[in-house]
Every structure is written in C-alpha cells, then in structure tokens.
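What follows is a short report on a single structure.
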C-alpha cells in the first residue's frame, strides 16, 4: 500500500538535496561525543542523508542508519562509498518499529518523533548504552500535526529510569513556515543490568 510519508520525504530530499548534504552533525551529538564509546554499534534513527551516521563512524563506531526516504538513503550511500566508513543504511518505517533487544551501544534520534519507537529504543539499547534525542515541542494548541511534537516535559518522562546526563528545553524562533514551537533534548544512559 502506498505511503504518503514516503512520497513526501522522497520529494523533499530530492528538491532540497544540496541543503541536506551541506548540513553539519547535530550540535547535541558534537557536544556529547566524549560520552560516547569509541567501539560498538550505533543506530542513527531517521538518519536522512547520514550526516550524523558519518560523524559517529568517524568516532569509531559501526553505524546503522535507518530512514523512510529511499532517496535520502541513496544520497547517504553515495557519500559513504566515497568516505569508506563502516555505515550501513536501511529503509525502515518507524511508525511500526522493531529492533533487537540489548543490541546498540548508542541510539540517536534528531528532529523526528514517533512515539511508538521510544519503547523500542529503550529495549534496543544495551545496558550502559546512550540515547541522544532532540526534537520539537508544541508551544501552542493550534500547532499543525501535533503528533509530531512533544508536550513540554514529556521527553524526560519517556526516559524515566534512565540516568539523565543532559536535559534541556528551549523556545525556538518563529519563522514563516513554523509558528511558536520549542525543542527538547536528552542524553540518557540505560541502567546496567541487575546482577542476579
């Protein structure tokens, strides 16, 4: 069955490919790269053209980048082929997520929200693994597509029981394309497994 989100994102990445390919790794990732292990496996969820995936691979991790957009992943694979880093990409719809339990050392999720994926991320992290999550927060009841926005304070609750290394919420400047909205970010460590 056709998925309108696939078409929308493929068109967006094709139309704006120069913009996406020119982006830098997310500031939160760069700021906390010293907390991230230099070995292991990372998941870059909703990875787009793979900017953060490449940054994680440069740091020493093997990386799996997943995204709903085949076109974005085509651009990402072209880039990785030139650079030769240990990154694989796969098309995945995170509205129906599945990931193996206790598998990833690091999971990143930037400017994307699918609430169904969050409990899956929690289970997919190895004990002691880190999640870096940064997305938008609704600041108005009239915001378009409220499912794509967290409520204030919600992100902190979604990772209850994890060790919170960093948590922040901020208000973003309004633009022609976006009304009043904010951002929330968290860096959190999954607790080590209990010794039996």
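Things worth noting here:
- Here is how the number arises for the chain: DSSP H runs of 4 or more residues each give -39500 (n - 2.57), the sum is divided by the residue count, and the result at 222 nm is -8000 deg cm²/dmol.
- Residue exposure proxy: 159, 32, ordered by other Cβ atoms within 10 angstrom of their Cβ from fewest to most, comes out as 32, 159.
- Bridge type composition, the chain - antiparallel percent by DSSP, nearest 5: 45
- Placing pseudo-labels 7 Å out from each Cα toward the beta carbon at residue 16 and residue 78 gives an inter-label distance of 1.8 nm.
- Counting neighbouring Cβ atoms within 10 Å and putting the fewest first, the residues 67, 134 line up as 134, 67.
- Using the Cβ-Cβ distance between residue 8 and residue 98 with R0 = 35 Å, the FRET efficiency computed as 1/(1 + (r/R0)^6) comes to roughly 0.95.
- Cα centroid separation, the range 1-46 to the range 74-120 (Å): 9
- Considering only alpha-carbon pairs that sit under 8 angstrom and 6 or more positions apart, the relative contact order computed for the chain is 16 percent.
- Binning the alpha carbon pair distances of the range 11-56 at 10 angstrom intervals from zero yields the distribution 24, 50, 20, 6, expressed in whole percent.
- Separation of the residue 166 and residue 24 label points, Cα + 7 Å toward Cβ, nm: 1.4
- For the range 43-141, alpha-carbon Rg and Dmax in angstrom: 13.5, 46
- For 164, 131, order by how many other beta-carbon atoms lie within 10 Å, fewest first: 164, 131
Every number in this text was worked out from the coordinates using simple rules, so none of it is lab data. These numbers come from a predicted model, not from an experiment. Neighbour counts run over all protein chains shown; Cβ positions are idealised from the backbone, glycine included.
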